[in-house]
Structure formats: structure tokens, C-alpha cells
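**Student:** One structure is given below, represented as C-alpha cells, and several questions about it will come after.
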Amino acid sequence: MSTEETSRFVRLRVELVVEIDHEDAVTKAALERIAEDPELPADEQAHAEGAVTEDTAEALAYLVDPFDLVSEVPGVELVQASWSSERIDYDPDSPEWDLDEDDEDAEGDEEAAG
């Protein structure tokens, strides 16, 4: 039997590129979420506040929750998640940013094997 037939676990890869038009709004929202988190110890709260204040990418990462992506999908339970954010140079016209590139490689591999 193949892994697809026996495993109930699926790795879902998602890559997003977002444009931040209002850095202050992102930072403010992240600071509000930190302040409202009752489970966050004071020392971790201070560290998180510093990180989101210094870097909007960190603020965005604090606001994005992978659980939100799948929490309402029936029959799915999030087992593990990791995510990060970073500032990038983005040129939508560059072939480097072709989102279908991985799909074409996979199709080519299938054709070569078949």
C-alpha cells in the first residue's frame, strides 16, 4: 500500500505574498492581540510587543494563525503548524514569482515516470 492509502496525515503548504499598505494598523492590531492574550506571561508579552513594534513582518506573523485556516473544515484537526514572515523584494512580472512553477515540475516528473 502507498502512503496515500494508509496515512491520515496531509502536509498542506501555503505561501502567501501580501502587500502592507498601513504598517501602523498592522502593528496596532498585533499589540492589541498581545494585550488581550490572558495566557501570555508578562515577560513574553514584553518581548512580543518589542518584536511587533520593531518589525511589521513580525506583527503580521503574530496576527496570522494557521488554526484559523482549517478550524471550520469538517473532519480536519490541526496537528502541527509552523509559520514565519519576512520582508521580500517582490516583482509580480518576474519569472521567479511564477506560482505554477512547482505544478509544472510535478507534471513533468509524472510524464517522465509514465
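The values are calculated or read from the model by the stated rules, or taken from the named source; none is laboratory data. Values in this document were obtained by computation on a predicted structure and should not be read as measured data. Counting neighbours? That spans all protein chains shown, and the Cβs are built from the backbone with ideal geometry, glycine included. Note: accessible area is taken over every heavy atom of the protein model, side chains too, but ligands, DNA and RNA are not part of it. Shrake-Rupley method; radii C 1.70, N 1.55, O 1.52, S 1.80 Å.
**Student:** Go through the stretch 1-30 and report how many residues are in a helix (DSSP H, G or I) and of a type in the set (D, E, K, R).
**Tutor:** Qualifying residue count for the region: 5.
**Student:** So PRO74 clears everything in (1) assigned to a loop (DSSP other than H, G, I, E, B); (2) modelled with pLDDT under 95; (3) not charged (D, E, K, R) except one condition, right? Which one?
**Tutor:** The single condition PRO74 does not satisfy is (2).
**Student:** For the stretch 12-45, give me each residue that is among the basic types (Lys, Arg) and at pLDDT below 90.
**Tutor:** ARG13
**Student:** Could you list all residues from the stretch 31-45 that are assigned to a helix (DSSP H, G or I) and either open to solvent by less than 80 Å² (accessible area, probe 1.4 Å) or more than 16 Å from GLU58 (Cα to Cα) (or both)?
**Tutor:** If the condition is that a residue be assigned to a helix (DSSP H, G or I) and either open to solvent by less than 80 Å² (accessible area, probe 1.4 Å) or more than 16 Å from GLU58 (Cα to Cα) (or both), then LEU31, ILE34, ALA35, GLU36, ALA42, ASP43, GLN45 are the ones that fit.
**Student:** Right, here's the next one. Can you say whether ALA61 is in contact with a helix residue (DSSP H, G or I) (Cβ under 9 Å, 6 or more places away or on another chain), of a type in the set (A, V, I, L, M) and over 27 Å from PRO92 (Cα atoms), as far as the supplied structure shows?
**Tutor:** Here the answer is no, as ALA61 does not meet what is asked.
**Student:** Given the residues GLU96, GLU49, which is the only one that is in a helix (DSSP H, G or I), exposed (fewer than 10 other Cβ atoms within 10 Å of the Cβ) and without any contact (Cβ under 8 Å) to a residue 60 or more places away in the chain?
**Tutor:** GLU96
**Student:** If I filter the stretch 65-90 down to residues being open to solvent by 100 Å² or more (accessible area, probe 1.4 Å), free of Cβ contacts under 8 Å to residues at least 60 places away in the same chain and hydroxyl-bearing (Ser, Thr, Tyr), which single residue comes out as nearest to ALA29 (Cα to Cα)?
**Tutor:** SER84
**Student:** Mind listing whichever residues of the stretch 52-64 are surrounded by 12 or more Cβ atoms within 10 Å (Cβ to Cβ) and either within 17 Å of the chain's Cα centre (by Cα) or not polar (S, T, N, Q) (or both)?
**Tutor:** Result: VAL52, ASP55, THR56, ALA57, GLU58, ALA59, LEU60, ALA61, TYR62, LEU63, VAL64.
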